[in-house]
Amino acid sequence: TEGYARTSARTIAKEAGCNSALVFYHFNGVDPLLLAALDRSSEERMETARAAVADAHTLEDLVEVATTIYRTDVEGGHITLFTELVGASIARPELREQIAARAEPWIEFIEQHLERVIGGSPLAKLMPPRDLAYAAITFYMGVNLFNHLDTDRTRTESLFDLAARVAPRAKLLTMRLPRRKPKP
(Lines give C-alpha, C1' and ligand atoms only; values in the text may rest on other atoms or scores of the structure.)
Protein backbone atom coordinates (compact mmCIF):
# COMPACT_ATOMS: atom_id res chain seq x y z
CA THR A 1 0.00 0.00 0.00
CA GLU A 2 2.93 2.37 0.61
CA GLY A 3 5.26 1.16 -2.12
CA TYR A 4 8.78 -0.04 -1.46
CA ALA A 5 10.29 3.44 -1.18
CA ARG A 6 7.93 4.44 1.66
CA THR A 7 7.97 1.13 3.48
CA SER A 8 9.86 1.15 6.74
CA ALA A 9 9.84 -0.83 9.96
CA ARG A 10 7.74 1.99 11.40
CA THR A 11 5.08 1.88 8.65
CA ILE A 12 4.92 -1.91 8.86
CA ALA A 13 4.62 -1.85 12.65
CA LYS A 14 1.92 0.82 12.50
CA GLU A 15 -0.09 -1.29 10.04
CA ALA A 16 0.43 -4.43 12.13
CA GLY A 17 -0.30 -2.68 15.41
CA CYS A 18 3.02 -3.65 17.00
CA ASN A 19 6.40 -2.26 17.97
CA SER A 20 8.78 -1.64 15.05
CA ALA A 21 11.55 -3.50 16.90
CA LEU A 22 9.61 -6.70 16.22
CA VAL A 23 10.30 -6.31 12.49
CA PHE A 24 14.01 -6.63 13.26
CA TYR A 25 13.58 -9.23 15.97
CA HIS A 26 11.53 -11.62 13.82
CA PHE A 27 12.80 -10.81 10.31
CA ASN A 28 16.15 -9.08 10.76
CA GLY A 29 14.96 -6.07 8.73
CA VAL A 30 12.42 -4.74 6.28
CA ASP A 31 13.72 -6.48 3.13
CA PRO A 32 13.63 -9.97 4.71
CA LEU A 33 10.09 -9.25 5.93
CA LEU A 34 9.00 -8.19 2.45
CA LEU A 35 10.62 -11.28 0.94
CA ALA A 36 8.77 -13.41 3.50
CA ALA A 37 5.53 -11.64 2.53
CA LEU A 38 6.27 -12.35 -1.13
CA ASP A 39 6.96 -16.00 -0.31
CA ARG A 40 3.67 -16.34 1.54
CA SER A 41 1.74 -14.55 -1.18
CA SER A 42 3.41 -16.69 -3.86
CA GLU A 43 2.58 -19.93 -2.05
CA GLU A 44 -1.07 -18.93 -1.78
CA ARG A 45 -1.23 -17.71 -5.39
CA MET A 46 0.57 -20.81 -6.72
CA GLU A 47 -1.93 -23.07 -4.99
CA THR A 48 -4.81 -21.13 -6.53
CA ALA A 49 -3.12 -21.03 -9.93
CA ARG A 50 -2.50 -24.80 -9.94
CA ALA A 51 -6.18 -25.42 -9.28
CA ALA A 52 -7.24 -22.90 -11.94
CA VAL A 53 -4.99 -24.31 -14.67
CA ALA A 54 -5.67 -27.99 -13.94
CA ASP A 55 -8.59 -28.11 -16.37
CA ALA A 56 -6.94 -26.02 -19.11
CA HIS A 57 -6.44 -28.19 -22.19
CA THR A 58 -6.24 -25.63 -24.99
CA LEU A 59 -4.46 -22.38 -25.65
CA GLU A 60 -7.82 -20.63 -25.27
CA ASP A 61 -8.21 -22.18 -21.82
CA LEU A 62 -4.73 -21.03 -20.82
CA VAL A 63 -5.45 -17.47 -21.96
CA GLU A 64 -8.69 -17.46 -19.99
CA VAL A 65 -6.99 -18.78 -16.85
CA ALA A 66 -4.06 -16.35 -17.23
CA THR A 67 -6.47 -13.44 -17.52
CA THR A 68 -8.30 -14.51 -14.37
CA ILE A 69 -5.05 -15.04 -12.47
CA TYR A 70 -3.79 -11.61 -13.53
CA ARG A 71 -6.98 -9.84 -12.49
CA THR A 72 -7.01 -11.65 -9.15
CA ASP A 73 -3.35 -10.81 -8.54
CA VAL A 74 -3.96 -7.14 -9.28
CA GLU A 75 -6.97 -6.97 -6.97
CA GLY A 76 -5.22 -8.93 -4.21
CA GLY A 77 -1.99 -6.95 -4.40
CA HIS A 78 0.33 -9.88 -5.19
CA ILE A 79 1.52 -8.41 -8.45
CA THR A 80 2.18 -5.05 -6.80
CA LEU A 81 4.28 -6.69 -4.09
CA PHE A 82 6.29 -8.62 -6.67
CA THR A 83 6.73 -5.63 -9.00
CA GLU A 84 7.74 -3.31 -6.15
CA LEU A 85 10.45 -5.76 -5.09
CA VAL A 86 11.69 -6.15 -8.66
CA GLY A 87 11.85 -2.35 -8.87
CA ALA A 88 13.67 -2.20 -5.54
CA SER A 89 16.30 -4.57 -6.86
CA ILE A 90 17.43 -1.85 -9.28
CA ALA A 91 18.63 0.30 -6.39
CA ARG A 92 19.42 -2.64 -4.10
CA PRO A 93 21.37 -5.18 -6.19
CA GLU A 94 21.55 -7.58 -3.23
CA LEU A 95 17.83 -8.25 -3.80
CA ARG A 96 18.22 -9.28 -7.46
CA GLU A 97 19.28 -12.86 -6.91
CA GLN A 98 16.59 -13.41 -4.29
CA ILE A 99 13.83 -11.95 -6.47
CA ALA A 100 15.02 -13.91 -9.52
CA ALA A 101 14.97 -17.11 -7.46
CA ARG A 102 11.39 -16.37 -6.42
CA ALA A 103 10.33 -15.73 -10.03
CA GLU A 104 11.76 -19.02 -11.28
CA PRO A 105 9.00 -21.29 -9.88
CA TRP A 106 6.45 -19.15 -11.73
CA ILE A 107 8.38 -19.37 -14.98
CA GLU A 108 8.64 -23.16 -14.53
CA PHE A 109 4.92 -23.39 -13.68
CA ILE A 110 3.93 -21.52 -16.84
CA GLU A 111 6.40 -23.48 -18.94
CA GLN A 112 5.07 -26.79 -17.60
CA HIS A 113 1.50 -25.96 -18.54
CA LEU A 114 2.42 -24.53 -21.91
CA GLU A 115 4.40 -27.69 -22.61
CA ARG A 116 1.41 -29.77 -21.54
CA VAL A 117 -0.94 -27.88 -23.87
CA ILE A 118 1.20 -26.99 -26.89
CA GLY A 119 4.29 -29.21 -26.50
CA GLY A 120 5.20 -31.12 -29.64
CA SER A 121 3.14 -28.77 -31.81
CA PRO A 122 4.34 -26.43 -34.57
CA LEU A 123 3.59 -23.50 -32.23
CA ALA A 124 5.97 -24.93 -29.61
CA LYS A 125 8.66 -25.22 -32.27
CA LEU A 126 8.06 -21.62 -33.35
CA MET A 127 7.66 -20.29 -29.79
CA PRO A 128 9.26 -22.62 -27.22
CA PRO A 129 7.28 -22.92 -23.96
CA ARG A 130 10.28 -21.74 -21.87
CA ASP A 131 10.53 -18.55 -23.91
CA LEU A 132 6.77 -18.03 -23.81
CA ALA A 133 6.81 -18.53 -20.03
CA TYR A 134 9.47 -15.85 -19.65
CA ALA A 135 7.50 -13.57 -21.97
CA ALA A 136 4.38 -14.14 -19.85
CA ILE A 137 6.19 -13.15 -16.63
CA THR A 138 7.70 -10.13 -18.37
CA PHE A 139 4.26 -9.11 -19.64
CA TYR A 140 2.75 -9.69 -16.20
CA MET A 141 5.19 -7.29 -14.54
CA GLY A 142 5.24 -4.76 -17.35
CA VAL A 143 1.51 -4.50 -17.65
CA ASN A 144 1.29 -3.97 -13.89
CA LEU A 145 3.63 -0.99 -14.19
CA PHE A 146 1.55 0.46 -17.01
CA ASN A 147 -1.61 0.03 -14.93
CA HIS A 148 -0.37 3.01 -12.96
CA LEU A 149 -0.63 5.03 -16.17
CA ASP A 150 -3.70 3.23 -17.55
CA THR A 151 -5.80 3.84 -14.45
CA ASP A 152 -9.07 2.58 -15.94
CA ARG A 153 -7.21 -0.50 -17.28
CA THR A 154 -8.81 -0.23 -20.72
CA ARG A 155 -5.53 -0.74 -22.55
CA THR A 156 -4.61 -3.70 -20.37
CA GLU A 157 -8.02 -5.28 -20.82
CA SER A 158 -7.76 -4.79 -24.58
CA LEU A 159 -4.52 -6.83 -24.56
CA PHE A 160 -6.25 -9.69 -22.75
CA ASP A 161 -9.15 -9.42 -25.20
CA LEU A 162 -6.65 -9.57 -28.08
CA ALA A 163 -5.07 -12.72 -26.62
CA ALA A 164 -8.54 -14.28 -26.29
CA ARG A 165 -9.25 -13.49 -29.97
CA VAL A 166 -5.88 -14.76 -31.21
CA ALA A 167 -5.79 -18.02 -29.22
CA PRO A 168 -8.54 -19.81 -31.22
CA ARG A 169 -6.88 -18.75 -34.46
CA ALA A 170 -3.68 -20.44 -33.34
CA LYS A 171 -5.47 -23.77 -33.01
CA LEU A 172 -3.95 -25.13 -36.23
CA LEU A 173 -0.48 -24.37 -34.85
CA THR A 174 -1.22 -26.30 -31.67
CA MET A 175 -2.23 -29.51 -33.39
CA ARG A 176 0.23 -32.33 -32.94
CA LEU A 177 0.72 -33.92 -36.30
CA PRO A 178 1.68 -37.57 -36.69
CA ARG A 179 5.32 -38.14 -37.45
CA ARG A 180 6.20 -39.12 -40.96
CA LYS A 181 7.76 -42.49 -41.46
CA PRO A 182 11.36 -42.20 -42.57
CA LYS A 183 12.03 -43.18 -46.16
CA PRO A 184 13.75 -46.55 -46.48
> Using the reciprocal of the averaged 1/r over all distinct C-alpha pairs, how large is the Kirkwood radius of the range 104-145 in Å?
Replying inline: 10.3 Å
> Ordered by residue, what ³J(HN,Hα) values in Hz, to whole numbers, does the range 126-138 give under the Karplus form 6.51 cos²θ - 1.76 cosθ + 1.60, where θ = phi - 60° and Gly and Pro are x?
Replying inline: 6, 10, x, x, 4, 5, 5, 5, 5, 4, 5, 5, 4
>> Output wanted: per-residue J couplings in Hz (rounded whole) for the range 28-39, from phi through Karplus 6.51 cos²θ - 1.76 cosθ + 1.60, θ = phi - 60°, x for Gly and Pro.
In response: 6, x, 6, 4, x, 5, 5, 5, 5, 5, 5, 4
> How far apart, in nm, are the 7 Å Cα→Cβ label points at Glu15 and Thr151?
Replying inline: 2.2 nm
>> What percentages make up the Cα-Cα pair-distance distribution of the range 85-184 when the bins are 5 Å wide from 0?
In response: 2, 11, 14, 18, 17, 14, 11, 6, 3, 2, 1, 1, 0
>> Please compute the Kirkwood hydrodynamic radius over the chain, one decimal place, Å, based on all pairs of different Cα atoms.
In response: 18.4 Å
> If contacts are Cα pairs under 8 angstrom and at least 6 residues apart, what is the relative contact order of the chain in percent?
Replying inline: 22 percent
> If you put +1 on each Lys and Arg Cβ and -1 on each Asp and Glu Cβ, how big is the dipole of the chain around its Cα centre, in Debye rounded to 20?
Replying inline: 1020 debye
>> Can you tell me the length gained on complete extension of the stretch Tyr25 to Glu104, counting 0.36 nm per residue apart and subtracting the Cα distance?
In response: 25.5 nm
>> What are the ³J(HN,Hα) couplings of the range 14-25, residue after residue, when phi is run through the Karplus curve with 6.51, -1.76, 1.60 and θ = phi - 60°? Round to Hz, x for glycine and proline.
In response: 4, 5, 7, x, 9, 7, 5, 4, 5, 4, 6, 5
> Per residue, how many Å² of accessible area does the chain show with a 1.4 Å probe?
Replying inline: 66 Å²
> With springs only between Cα atoms under 10 Å, which of Leu149, Leu38, Leu59 fluctuates most in a Gaussian network model of the chain?
Replying inline: Leu149
> Can you tell which of Leu162, Leu114, Leu123 shows the greatest fluctuation in a Gaussian network model of the chain with Cα springs below 10 Å?
Replying inline: Leu162
>> Could you work out [θ]222 nm for the chain from helices alone, using -39500 (n - 2.57) per DSSP H run of at least four and dividing by all its residues? Round to the nearest 500 deg cm²/dmol.
In response: -24000 deg cm²/dmol
>> Just want the answer: with Cβ charges of +1 for Lys and Arg and -1 for Asp and Glu, which residue in Pro32, Cys18, Val166 is farthest toward the dipole's positive end in the chain?
In response: Val166
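Could you work out the local net charge near Ile137, counting Lys and Arg as +1, Asp and Glu as -1, over the other residues with Cβ closer than 14 Å to its Cβ? Write out the running numbers ahead of the final one.
Values: positive: Arg45, Arg102, Arg130; negative: Asp73, Glu104, Glu108, Glu111, Asp131.
Here the count lands on -2.
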>> Pick from Phe146, Phe160, Phe82 the residue whose mean-square fluctuation is largest in a GNM of the chain, springs joining Cα atoms under 10 Å.
In response: Phe146
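The values are calculated or read from the model by the stated rules, or taken from the named source; none is laboratory data. In this text, all values refer to a predicted model and were calculated from it rather than measured experimentally. A quick note on method: Cβ atoms are made from the backbone with ideal geometry, for glycine too, and the neighbour counts reach across all protein chains shown. For accessibility, only protein heavy atoms count, side chains too; no ligands or nucleic acids. Shrake-Rupley method; radii C 1.70, N 1.55, O 1.52, S 1.80 Å.
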